[in-house]
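A short write-up of the structure that comes next.
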């Protein structure tokens with residue numbers, strides 16, 4: 001397995017970037033200066049020398065005695081055709097085509113010109129321009145090193161100044177993580193990019209706290225809801241032992257145990273569904289006929305309907321099919337149905353199927369407006385939507401609808417009852 005190398009710190013990266021940028025700028029500048037100098041040397045110096053050479057040869061043709069006049073930084077030797085006896089040894093033995101030679105420990109540049117049968121040898125030593133060139137190269141290298149050193153120091157200073165707000169922000173965020181407390185003041189007050197980062201972290205922190213509150217509330221409600229059927233099962237089991245000779249009573253208690261077990265199974269399945277990504281569940285989905293689910297759930301609560309003498313009215317304005325899991329659809333409809341049965345103060349519950357989903361209406365005392373608003377508001381986060389006696393049903397339905405992007409709408413009138421409408425949206429197979 002390949003081991004990842006640890007990345008450099010932000011400060012070292014800023015210093016490195018500053019140093020590299022300075023080095024490249026200085027190197028480019030030095031190169032430019034040197035090229036300008038080379039061009040100037042060619043134009044100003046070499047062309048000037050060529051002019052001097054031509055002028056000398058012109059004057060020599062008129063007055064040969066000019067050859068005896070000394071010239072600073074320049075020695076001139078003249079040979080008659082092939083006669084090199086008057087030349088120094090280093091010129092007499094000069095290889096053909098050579099323009100530079102070392103003599104007496106000095107580097108000499110040789111320029112040869114021929115005119116009127118005479119060969120002119122112009123010999124120059126190290127000129128002022130060449131000395132300046134050497135000084136220029138050394139100076140540029142020294143300046144480059146010094147500037148890079150200064151750039152490193154300035155880069156370090158700038159890096160500390162730049163990352164200080166980030167370091168402060170990280171310290172405050174770590175403090176929030178360690179203490180686990182909600183933020184009671186702004187993380188940062190600057191008006192720059194750090195403020196944007198601070199606001200993003202702040203929003204994320206608040207969102208995480210809201211989600212944690214929401215999950216804590218949900219977990220508490222689930223644990224409470226699981227205890228209810230367990231207590232019912234325990235009570236029924238104890239009654240079976242007491243009434244073991246009463247076959248009718250034992251059968252009734254066994255049916256109650258079965259109902260409670262079904263409640264627990266649906267609740268556990270719902271928790272598992274909510275813990276998974278919706279896209280990962282599609283392999284377990286099928287085309288669910290909503291009417292079949294309704295009849296199945298009505299059968300489960302039949303004893304409650306009989307006890308409260310409630311009849312159900314099913315109105316079919318459509319026959320929707322849902323691409324989902326029968327467990328999920330059963331949980332949604334079953335919880336709304338039990339909620340309607342529990343709160344109904346009439347002898348009727350209306351179930352209406354439509355092309356987009358279903359609506360279930362009880363004719364009870366209605367719901368408070370605050371609770372209706374909480375249910376209708378998407379992602380209420382830490383807010384609980386339960387009312388006394390409603391159990392986890394409404395909260396579970398809301399969570400499932402949010403999980404699968406189904407629409408849950410509630411309308412209620414005090415003293416007239418409550419309607420819950422579910423729109424399955426893109427999960428519908430046909431309308």
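The values are calculated or read from the model by the stated rules, or taken from the named source; none is laboratory data. Since the model is a prediction, treat every value here as computed from it, not as a measurement. We place every Cβ from the backbone using ideal geometry, glycine too, and count neighbours over all the protein chains shown.
Looking at 210, 247 in this structure, which one is under 30 Å from residue 397 (Cβ atoms), modelled with pLDDT of 65 or more and out of contact with any helix residue (DSSP H, G or I) (no Cβ under 9 Å at 6 or more places or on another chain)?
210
Filter the stretch 99-134 down to the residues that are loosely packed, with under 10 Cβ neighbours inside 10 Å and modelled with pLDDT under 75 and list them by number.
Matches in the stretch 99-134: 104, 105, 128.
Quick one: residue 186 ticks every box in (1) over 22 Å from residue 398 (Cα atoms); (2) modelled with pLDDT under 65; (3) buried (at least 17 other Cβ atoms within 10 Å of the Cβ) bar one, so which box is it?
Going through the list (1) over 22 Å from residue 398 (Cα atoms); (2) modelled with pLDDT under 65; (3) buried (at least 17 other Cβ atoms within 10 Å of the Cβ), residue 186 breaks only (3).
Does residue 370 fit the bill of being at pLDDT below 80, out of contact with any strand residue (DSSP E or B) (no Cβ under 6 Å at 6 or more places or on another chain) and either buried (at least 18 other Cβ atoms within 10 Å of the Cβ) or outside any loop (DSSP other than H, G, I, E, B) (or both)?
It is true that residue 370 is at pLDDT below 80, out of contact with any strand residue (DSSP E or B) (no Cβ under 6 Å at 6 or more places or on another chain) and either buried (at least 18 other Cβ atoms within 10 Å of the Cβ) or outside any loop (DSSP other than H, G, I, E, B) (or both).
What number goes with the only condition from (1) closer than 26 Å to residue 303 by Cβ; (2) in contact with a helix residue (DSSP H, G or I) (Cβ under 8 Å, 6 or more places away or on another chain) that residue 352 does not pass?
Of the numbered conditions (1) closer than 26 Å to residue 303 by Cβ; (2) in contact with a helix residue (DSSP H, G or I) (Cβ under 8 Å, 6 or more places away or on another chain), the odd one out for residue 352 is (2).
Go through the stretch 35-65 and give me each residue that's surrounded by 14 or more Cβ atoms within 10 Å (Cβ to Cβ) and at pLDDT 75 or above.
The answer is 49, 53, 56, 57, 59, 60.
Could you please find all residues in the stretch 68-78 being modelled with pLDDT of 80 or more and either over 18 Å from residue 124 (Cβ atoms) or in contact with a helix residue (DSSP H, G or I) (Cβ under 7 Å, 6 or more places away or on another chain) (or both)?
Within the stretch 68-78, 76, 77, 78 meet the criteria.
Is there a residue in the stretch 380-392 that is touching a helix residue (DSSP H, G or I) at 6+ places or on another chain (Cβ under 6 Å) and modelled with pLDDT of 75 or more?
Within the stretch 380-392 (the criterion being touching a helix residue (DSSP H, G or I) at 6+ places or on another chain (Cβ under 6 Å) and modelled with pLDDT of 75 or more), the answer is no, since none of the residues qualifies.
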